[in-house]
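Engineer: Structure below; questions to follow.
What follows draws every value from the coordinates through simple rules; no lab data is involved. Here the structure is a predicted model, which means the values were calculated and not measured. Backbone-built Cβ (ideal geometry, glycine too); neighbour counts: all protein chains shown.
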Amino acid sequence: MNNNWQLPENDPWSTPFAESLLHHLEIRKGDQVLDIASGGGIPAFYLADQVGPEGMVLAVDIHQSQVLRSRTVQGVELPWLRFEVGDMRFLPADLPKFDRITGNLSFMFFRPNRFEALQNLIRFLKPGGQIVLTFPSLGTFDSLWDQVDKDMVALGLKDERKALNEYINERPSASQAEKWLQELGLEKVAVIEQPLEIPTGSGMSFLEHPLLRGGFLDDIYECFQDQDQANEFMNNLSQKTSTFTPLFALRCAISGWMSESS
Ligand SMILES: C[S@@+](CC[C@H](N)C(=O)[O-])C[C@H]1O[C@@H](n2cnc3c(N)ncnc32)[C@H](O)[C@@H]1O
């Protein structure tokens, strides 16, 4: 039995982003909440605890493994919280409307059509409801991308550099997100960015960094056709982390309210 539904204290990535989300979110007992990209349940468990048994939290993730993991953690607790498999970009039209829509570390996965995905999502917001999403915004780890770009130029890696730039330019920015929320007619739009330092060592501790490896370093490997060349490039990069550390992510939280009259 787990009665501690606080955010995990020792999580250096999801928890700081979730703290930004909660900073914007106005949550009340009895609220009906849709939490997208729910993963391991940050912040779905916390929100379910806050809304209490008169409320409800539907937590949706595209990966069944994440949903099963969260259900295992949940056990028989918080029966008004449901983890379900679903794609937040294409939610079923017959889903009810919610008082709050939350998504921690979600907005970057709205691609390829982020505006349309946002538009679809806010259809599930009740009049007077609030949406709050967080994501690492444009500028995240720029010192790393600059070093990678320099190294690619020095080595004459034109195709790889082109792939890298396409990836970098595709990342969502805070100002773009703000503009979209306004274009969609949301009110009291607020967008906040705060730097978050991610400590890393060099060598294998950089290459196998639990956070950097999954979401970011893999994107550099993917710029290469030749994986031996990618490994050599990354090994060299891992030996000069002092040229691009400290590494900063930009922790972005966007919030908007559906008009009471909509
Ligand atoms: C970085 S994790 C964040 C998980 C959790 N909210 C947290 O803060 O720890 C992103 C999650 O988004 C999920 N995801 C990615 N694309 C998705 C989509 N189109 N629809 C729903 N979930 C998606 C992934 O499976 C993953 O669990």
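Engineer: Lysine pairs in the range 119-262 with alpha-carbon atoms under 26 Å apart, 8 or more places apart or on different chains: how many are there?
Structural biologist: Going through the range 119-262 pair by pair, I get 8.
Engineer: Out of all DSSP beta bridges with both ends in the chain, state the antiparallel percent to the nearest 5.
Structural biologist: If I count the DSSP bridges inside the chain, around 50 percent turn out antiparallel.
Engineer: Taking the Cα centre of the range 1-144 as origin, sum charge times position over the Cβ atoms of Lys and Arg (+1) and Asp and Glu (-1), and report the length of that vector in debye to the nearest 20.
Structural biologist: Dipole magnitude for the range 1-144 comes out near 340 debye.
Engineer: For the charge dipole of the chain, defined by +1 on Lys and Arg C-beta atoms and -1 on Asp and Glu C-beta atoms about the Cα centroid, which residue among Pro136, Gln182, Phe45 has the Cα displaced farthest towards the positive pole?
Structural biologist: Going by the Cα projections, it comes out as Gln182.
Engineer: Distance from a point 7 Å along Cα→Cβ of Arg71 to each backbone N in the range 36-65: keep the residues under 18 Å and list them by number.
Structural biologist: Residues 36-42, 44-45, 57-65 fall inside that zone.
Engineer: Estimate the FRET efficiency between Thr243 and Asp94 by the formula 1/(1 + (r/R0)^6), using the beta-carbon distance for r and 41 Å for R0, to the nearest 0.05.
Structural biologist: That pair, Thr243 with Asp94, gives E of 0.15.
Engineer: What is the gain in length, in nm to one decimal, between Glu187 and Glu232 on full extension, counting 0.36 nm per residue of separation less the C-alpha to C-alpha distance?
Structural biologist: 11.2 nm
Engineer: Let me ask something additional. Could you give the dipole magnitude of the chain about its Cα centre, charging the beta-carbon of Lys and Arg +1 and that of Asp and Glu -1, in debye to the nearest 20? Mind showing how you got there, number by number?
Structural biologist: Values: 22 positive and 36 negative charges, 107 e Å.
With Lys and Arg at +1 and Asp and Glu at -1, about 520 debye.
Engineer: So what is the 222 nm mean residue ellipticity for the chain from helices alone, if each DSSP H run of at least 4 adds -39500 (n - 2.57) and you divide by all residues, rounding to the nearest 500 deg cm²/dmol?
Structural biologist: -10500 deg cm²/dmol
Engineer: Once you have the Cα-Cα distance between Ser262 and Lys29, take 0.36 nm times their residue separation minus that, and quote the gain in nm to one decimal.
Structural biologist: Working: separation 233, 0.36 × 233 = 83.88 nm, distance 2.34 nm.
Full-extension gain reported as 81.5 nm.
Engineer: State, to one decimal in nm², a quarter of the convex hull surface area for the C-alpha atoms of the chain, i.e. the direction-averaged projected area.
Structural biologist: Averaged projected area of the chain's Cα convex hull equals 14.6 nm².
Engineer: Let me ask something else. Please report the relative contact order for the range 165-256, taking Cα pairs under 8 Å with a sequence separation of at least 6, and give it as a percent rounded to a whole number.
Structural biologist: Relative contact order here is 48 percent.
Engineer: Fewest to most neighbouring Cβ within 10 Å: what's the order for Glu160, Glu9?
Structural biologist: Least to most surrounded, the residues fall as Glu9, Glu160.
Engineer: If each residue of separation counts as 0.36 nm, what is the full-extension length gain between Arg213 and Tyr167 once their alpha-carbon separation is subtracted?
Structural biologist: Using 0.36 nm per residue and subtracting the Cα-Cα distance, I get 15.0 nm.
Engineer: Just want the ordering: His23, His63, His209, from fewest to most Cβ atoms lying within 10 Å of their own Cβ.
Structural biologist: Going from least to most buried by this count: His63, His23, His209.
Engineer: Using alpha-carbon pairs under 8 Å, 6+ residues apart, how would you state the relative contact order of the chain in percent?
Structural biologist: 21 percent
Engineer: How would Val57, Val153 line up from fewest to most surrounding beta-carbon atoms within 10 angstrom?
Structural biologist: Ordered from fewest to most neighbouring Cβ atoms within 10 Å, Val57, Val153 come out as Val153, Val57.
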